[in-house]
Amino acid sequence: MTSSKRCLLTCAVLLTALTARANPVLPATHTRQSYQLGVGPTQLLDTYLSQEKFHGTGFTFLSTTERYGSYVDYDNWRTLIQHQLSLSTADDRSGSRDELQGDYSFFVGRVRHWQAFTWHNYHNAVYVEAGAMLNGNLGFIYNTSNSNNPAQARLALNLMPVAAARAHVDLFKRRLEMRYELALPLVGVAFSPNYGQSYYEIFSLGNYDHNVVPTTFVSAPNFRQQITIDYKLWRNASLRIGYLGDYQQLRVNNLKSHVLHHRFMVGYVRSLTHTKPLKQK
């Protein structure tokens with residue numbers, strides 16, 4: 001190699017090193033987003049409005065964002081963000097009275113995952129996950145037959161431990177991911193009128209009567225589970241089918257209510273990868 005070629009090669013190596021030093025790149029941050037729509041049966045009970053149980057059908061839209069692979073903790077931790085919107089109609093046993101129910105739930109949390117075991121030369125694997133989520137819920141139930149106190153507002157905030165299991169396998173030369181997630185409330189607060197108390201008394205007359213109530217898994221035994229199956233269509237997109245069971249229950253102020261959703265879900269998943277240079281001070 002001639003001296004001129006050695007000089008050019010040395011300059012190229014030094015220039016590459018200086019460029020990398022001036023613009024170091026953060027490890028990739030991965031984001032996975034899913035959008036699902038579901039339909040299924042709903043059961044309603046709110047003794048503030050009626051002693052009867054109402055049965056009907058409802059729809060749910062669920063948006064989920066997972067972020068993982070950050071600069072600090074790489075892919076051991078995931079950030080979960082979920083938006084859930086539900087709307088249901090139901091009637092009583094006689095079919096003469098109807099109720100309309102709707103709610104919006106927001107979930108944000110962090111979960112850590114561990115690899116449980118692998119097979120097929122580490123290509124297929126099972127992971128377990130554990131963490132916690134903060135859940136806020138805002139909703140209503142409207143009874144079309146009541147002239148006095150026809151509606152009940154629902155407002156709650158819960159801290160929920162969450163556990164999940166995830167499996168990655170191949171099927172028909174396509175990547176398949178199966179996941180089960182379970183979340184239960186630990187502690188929280190909820191709004192509820194007291195037995196026999198009207199909303200006029202609370203908001204117009206200002207008669208507070210333990211309307212903001214601390215809750216635990218005993219007084220608010222909520223239960224939320226998801227089963228999803230993702231079938232990879234191409235590199236960054238998958239088809240998702242699954243089941244969502246969302247069971248919201250509350251027993252405070254001598255009142256009892258529950259909203260039970262069973263939804264069969266279908267949706268779309270896309271994966272994104274982000275890299276960016278580290279800013280120099």
If a/c stays under 1.5 just call it rounded; otherwise compare a/b with b/c (prolate if a/b is bigger, oblate if not). Do that for the stretch 164-281, with a ≥ b ≥ c from the square roots of the Cα gyration tensor eigenvalues. prolate
Per the C-alpha gyration tensor (a ≥ b ≥ c, the square roots of its eigenvalues), the stretch 188-235 is rounded if a/c is under 1.5, else prolate if a/b beats b/c, else oblate; here it's prolate
Expressed in angstrom and rounded, the centroid-to-centroid distance over alpha carbons for the stretch 203-225 and the stretch 73-138 is 22 Å
Expected sort for 253-262, 108-117 on mean C-beta neighbours within 10 Å, highest first, is 253-262, 108-117
Suppose a student asked you for the relative contact order of the stretch 100-254, using Cα pairs under 8 Å spaced at least 6 residues apart; what percent would you report? 17 percent
For the stretch 24-147, what does the relative contact order come out to in percent, with C-alpha contacts under 8 Å and a separation of six or more? 21 percent
Can you give me the Rg/Rh ratio for the stretch 71-199, using Cα atoms for both radii and the Kirkwood formula for Rh? 1.16
Mind checking the stretch 155-233 for chymotrypsin sites (Phe, Trp or Tyr not before Pro) that DSSP puts in a loop (not H, G, I, E or B) and that have at most 10 other Cβ atoms within 10 Å? Phe172
Mean accessible area per residue over the stretch 164-281 (1.4 angstrom probe, all protein chains present, square angstrom) is 59 Å²
How big is the Rg/Rh ratio for the stretch 132-195, C-alpha atoms only, Rh by Kirkwood, two decimals? 1.27
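The values are calculated or read from the model by the stated rules, or taken from the named source; none is laboratory data. Here the structure is a predicted model, which means the values were calculated and not measured. Glycine gets a Cβ as well: all are built from the backbone with ideal geometry, and neighbour counts include every protein chain shown. Accessible surface areas use protein heavy atoms only, side chains included; no ligands, DNA or RNA. Shrake-Rupley method; radii C 1.70, N 1.55, O 1.52, S 1.80 Å.
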